[in-house]
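The values are calculated or read from the model by the stated rules, or taken from the named source; none is laboratory data. As the structure is a prediction and not an experimental result, all values here were calculated from the model. With ideal geometry, Cβ positions are generated from the backbone for all residues, glycine too; neighbour counts draw on all protein chains shown.
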Amino acid sequence: MSASLLTEIHTVLSVRPKIAELVFQLYGRSLHPELFEICQSRTITRGGYQATIQITNAGHLVAWKYGDIILTEVAAATHHPLPQKRRLMSYRLKGDRSDQLECRGGVCYEMAFSLEPTKPERFISYQKELTLQATRHGMLQKFDSSGRFEAGAMSYVSVDSRDKVFRVQAFHTFPSDCAVLKIQSSYRLP
């Protein structure tokens, strides 16, 4: 865990989109930050790469750069005005999925996500566990309640930064759907 990634807990006055409205995308380019409502942001530099991790109102964004290779991972709403140019992956966030991509120079990107429906009592317990985990490390974002449930949505992002590999674990909760979205990705240097 990078020392520059400090624990922070924030609450934002916005409500997250429903899980059915979300998509996972990977780009071979950077994306303009004004396309997103950014709640938190951290930048890590290590081993020749730089990564910026951002929690957004819909999910997260990871912009990873090594030399002239840029990979941008984003979990966003489908109605978001994201570009088509240099989009390398695009998946609706439902069920389980994994994929990988080898870039020039031997850089390797891997991702996996799973959407897990839960019972309401388990969902509340899961959100408490994320809050406890965030008191130790990572970034935690709390969102307002949509009104149907007492608890609002949460996003928790944890990063493991090594010289040759950068790993991200993101957990996004959706109270109105009683669902937890887990996304893991890794960026490996040759």
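Listing for the model above:
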{"item": "Verdict on Glu116 being at pLDDT below 95, out of contact with any Gly (no Cβ under 7 Å at 6 or more places or on another chain), outside any loop (DSSP other than H, G, I, E, B) and closer than 27 Å to Thr72 by Cβ", "result": "yes"}
{"item": "Residue under evaluation Ser145, criteria (1) exposed (fewer than 15 other Cβ atoms within 10 Å of the Cβ); (2) under 23 Å from Gly28 (Cβ atoms), criterion not met", "result": "(2)"}
{"item": "Of all residues making up the range 110-125, the number that are exposed (fewer than 12 other Cβ atoms within 10 Å of the Cβ) and touching a Cys at 6+ places or on another chain (Cβ under 6 Å)", "result": "1"}
{"item": "Unique match (being touching a Ser or Thr at 6+ places or on another chain (Cβ under 9 Å), over 16 Å from Phe143 (Cβ atoms), without any contact (Cβ under 8 Å) to a residue 40 or more places away in the chain and of a type outside the set (Asp, Glu)) among Ser41, Ser30", "result": "Ser41"}
{"item": "Residue count for the range 32-76, restricted to those that are crowded, with 20+ Cβ neighbours inside 10 Å, over 12 Å from the mean Cα position of the chain (by Cα) and not in a strand (DSSP E or B)", "result": "1"}
{"item": "Subset of the range 77-109 that is in contact with a Lys or Arg (Cβ under 9 Å, 6 or more places away or on another chain) and outside any strand (DSSP E or B) - its residue that is surrounded by the most Cβ atoms within 10 Å (Cβ to Cβ)", "result": "Val107"}
{"item": "Residues satisfying the stated conditions in the range 62-82, i.e. in contact (Cβ under 8 Å) with a residue 40 or more places away in the chain and small (Gly, Ala, Ser)", "result": "Ala75, Ala76, Ala77"}
{"item": "Contacts under 6 angstrom Cβ, first residue in the range 165-190 being closer than 20 Å to Thr56 by Cα, partner modelled with pLDDT of 90 or more and of a type in the set (Asp, Glu), 6 or more apart", "result": "Arg167/Asp160; Val180/Glu116; Ser185/Glu73; Ser186/Glu110"}
{"item": "Within the range 156-190, tally of residues that are within 17 Å of Ile70 (Cβ to Cβ) and modelled with pLDDT of 95 or more", "result": "7"}
{"item": "Candidate set from the range 62-76 (those that are among the hydrophobic types (A, V, I, L, M, F, W, C) and out of contact with any Leu (no Cβ under 7 Å at 6 or more places or on another chain)); member that is farthest from Gln141 (Cα to Cα)", "result": "Ile69"}
